[in-house]
Each structure stands twice: as structure tokens, then as C-alpha cells.
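The values are calculated or read from the model by the stated rules, or taken from the named source; none is laboratory data. Remember, it's a predicted structure, so these values are computed and weren't measured experimentally. Ligands, DNA and RNA are stripped out before the accessible areas are found, and what is left, the full protein with its side chains, is counted by its heavy atoms. Shrake-Rupley method; radii C 1.70, N 1.55, O 1.52, S 1.80 Å.
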Amino acid sequence: MLTQLENSPKVVGAKQTKRAIRDGGARVVFLAEDADPQVTGPIEALCREAGVSVERVSSMKALGQACGIAVGAAVAALI
């Protein structure tokens, strides 16, 4: 699933992902397992409310690499 994230339109980060979920543009949200639960928890709850599917990723580093950024990412979404 991360390969799809590499090649598709996306948003990275908690603020942008929350906005995409609220605006109805998020198709799939990716959450890093090693991210701070205070960051990922509210986003996961928002996904449940909005009916957006959630995929777990093993690490922030892996998610950041899939997004094409040089740092780790806690959250990203396909739009």
C-alpha cells in the first residue's frame, strides 16, 4: 500500500490530513505505529466518524520515505 502512497496525490502531516478528512478528500489515511498517540488518536477517531479507511505503517521513517520527505511522518493521506 505504501507504493500507492508514493505515486498518488497525498497530504502529509496531522493538520493537512485532518483538513482532508473534514473536507471529504481523504480516501485512505496512513498512521505510523511508532507515532505519538496524542497525534494519531484524534485522527483515527475522525476517520471512524467520516468512514475513511485507516492503514497502519510500521514506522514514521517508512511513512516519511513513502511520502518522499527526508524526515519521519506520523500521518499521511491519499487524496
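So here's what we get for this one:
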read-out: Normalised contact order of the chain, rounded percent, pairs of Cα under 8 Å and 6 or more residues apart; value: 46 percent
read-out: Sulfur and carbon atoms: percent of accessible area, the chain [1.4 Å]; value: 49 percent
read-out: Choice from ILE21, ILE69, ILE43 with maximal GNM fluctuation in the chain (Cα, 10 Å cutoff); value: ILE69
read-out: Within a Gaussian network of the chain (alpha carbon springs, distance under 10 Å), most fluctuating of GLN65, GLN16, GLN38; value: GLN38
read-out: Taking segment 33-79 and dividing mean pair separation by its residue count, relative contact order in percent (alpha carbons under 8 Å, at least six apart); value: 37 percent
read-out: Helical contribution to [θ] at 222 nm, DSSP H n ≥ 4, -39,500 (n - 2.57), averaged over the chain, rounded to 500; value: -13000 deg cm²/dmol
read-out: Distant-in-sequence amide H partners of PHE30 (H built 1.01 Å from N, under 5 Å); value: GLU55, ALA76, ALA77, LEU78
read-out: Pairwise Cα inverse-distance average, inverted: Kirkwood Rh of the chain (Å); value: 11.9 Å
